[in-house]
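Visitor: Can you keep this structure in mind? I'll have questions shortly.
Each reported figure results from applying straightforward, stated rules to the coordinates on display, with no laboratory input. Just so you know, these numbers come straight off a predicted model, no measurement behind them. Note that each Cβ is placed from the backbone with ideal geometry, even for glycine, and that neighbours are counted across all protein chains shown.
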Amino acid sequence: MKIESFSLGPVTGTLLMGVLIGQAHISISANVKATCFLIFLFFVGYGVGPQFFRGLKKDGAPQMLFAALQCVISLVTGYAVAKALGYDIGQAAGLLAGSQTISALLGPAADAINKLAISIEEKKHLLDAMTAAYAVTYIFGTAGTAWILSTLGPRLVGGNVMTACKEYEARMAGEVSDDPEATSACRDLAPRAYPLTPDRLAETTVAEIDAMFLHQHVFAEDSRRGAALGMAFTLGTQASSRPTPSLAQSRRGVARPAKALGPAGPAIGMNVIAFVAAGITILALFGALAINIGEVPLSLNTSGGALGAGLVFGWLRSACRLFEGVPEPALATMNSVGLNVFIAMVGINAGPGFVTGLREASPSLFLAGMLVTVIPLVVGLLLARYVFRFHPGIALGCVAGARTTAPALGAVQEVVQSTIPALGYTVPYAVANTLLTMCGTAIVMLMA
């Protein structure tokens with residue numbers, strides 16, 4: 001259900017339904033929640049892994065730095081507001097997750113809370129408070145981000161953003177047309193290559209060959225010379241001329257382009273469960289290792305390890321293509337199922353204490369969520385304009401990506417009537433997905 005362009009979305013809807021069902025005091029194994037969350041994190045990383053590492057090599061470095069600064073600003077703002085208003089650890093974690101619309105932050109925060117040296121009853125109270133704070137602040141976090149970026153954002157990044165985007169599109173189109181290596185795919189004359197043997201060259205017309213070997217682009221080996229004999233023809237509207245030999249190339253020369261293009265993926269679809277399980281298991285165990293600095297243990301946690309596994313394996317798949325990729329429908333399904341089962345479990349387990357926590361903290365918490373949503377957004381827009389000097393359209397995309405808020409990107413593109421903001425969305429989105437998730441552990445450590 002939508003009110004104009006706003007809806008709760010599946011995550012918040014699932015959380016609220018889990019809270020409702022949780023009033024019946026249903027008990028479900030915590031292993032279900034942990035497993036689904038690790039699967040979700042792995043596929044989040046897998047989906048953005050290629051863009052994440054590609055941004056390290058190309059001109060995405062400023063965007064990556066911007067996203068990192070934006071995440072730090074969000075963390076500091078959430079911590080400062082929670083401290084100023086006297087919130088506990090659970091409320092602070094839920095406030096940060098909801099205001100930044102990053103549901104994945106709840107997992108590392110819950111892991112960090114469970115490792116605190118406090119009683120089980122206190123841990124449960126903090127987890128219930130975290131869920132209530134997340135639910136209260138998420139609504140404005142989503143709707144407020146989209147509204148601010150689409151209305152206030154164009155003014156803060158400077159200039160007429162719609163005109164600037166149109167000029168940028170025209171400039172990009174001009175650069176392509178001026179490139180001597182760029183040619184139009186629409187041609188009146190098309191070269192084609194056909195397999196021919198010497199005895200067939202004498203009486204065969206191009207029209208006959210075209211009918212016999214349409215869309216075949218292969219070379220046939222002349223066994224007498226041990227070479228690949230290729231025949232190339234130019235076909236116009238009148239395909240009546242006789243073929244003329246124009247290319248003779250060795251098999252080694254014909255195979256050379258294949259080496260530059262890299263190996264093709266497996267011809268037959270393979271089951272990738274072993275690949276996914278290995279990635280999650282190996283780096284989740286690595287993430288469980290901790291390094292003590294004084295009395296503070298530092299680690300990625302199993303959740304951070306699973307996210308890192310997704311980033312690495314997603315990049316390996318795109319760079320090396322040594323194993324079968326996860327199909328897009330499966331990727332989307334596991335993303336959705338993993339997150340929503342985890343969120344449902346959070347709601348069900350927190351259901352009994354949710355109503356009490358909501359009643360105690362709702363008014364001030366909603367206003368606190370507005371502050372933690374608005375302040376990083378405004379600071380980020382000003383940084384994008386005056387410090388990083390991004391193009392106005394790309395600046396809006398960078399801020400939306402650093403907030404991991406796809407609805408905000410859609411709202412911005414609708415206002416400026418251009419897809420240019422999407423150019424600034426991908427790299428910050430990949431960086432922020434990682435860093436904001438890790439902020440779950442950071443906010444608990446700061447508050448503790």
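Visitor: Which of rounded, prolate, oblate describes region 60-170, given a ≥ b ≥ c as roots of the alpha-carbon gyration tensor eigenvalues and a/c under 1.5 marking rounded, otherwise prolate only if a/b is larger than b/c?
Guide: In terms of gyration-tensor shape, prolate.
Visitor: Counting only other residues whose beta carbon sits under 15 Å from that of residue 25, what net charge do I get with K and R as +1, D and E as -1?
Guide: Here the count lands on 0.
Visitor: Using alpha-carbon positions, what is the distance between the centroids of region 426-448 and region 94-133, in Å?
Guide: 14
Visitor: If r is the Cβ-Cβ distance from residue 1 to residue 291 and R0 is 56 Å, what FRET efficiency results, to the nearest 0.05?
Guide: The calculated FRET efficiency here is 0.75.
Visitor: Quick check: pseudo-label points 7 Å beyond the Cα along Cα→Cβ at residue 61 and residue 328, how many nm apart are they?
Guide: 3.2
Visitor: Beyond 31 Å between alpha-carbons counts as too far, so tell me which of 2/124; 2/123; 83/123; 2/115 fall in that bin.
Guide: Cα-Cα > 31 Å for 2/124; 2/123; 2/115; rest within.
Visitor: As an exercise, use a Förster radius of 41 Å and the Cβ-Cβ distance of residue 387 and residue 419 to find the FRET efficiency, rounded to the nearest 0.05. Please report the intermediate quantities before stating the final value.
Guide: Numbers: r = 25 Å, r/R0 = 0.61.
It comes out at approximately 0.95.
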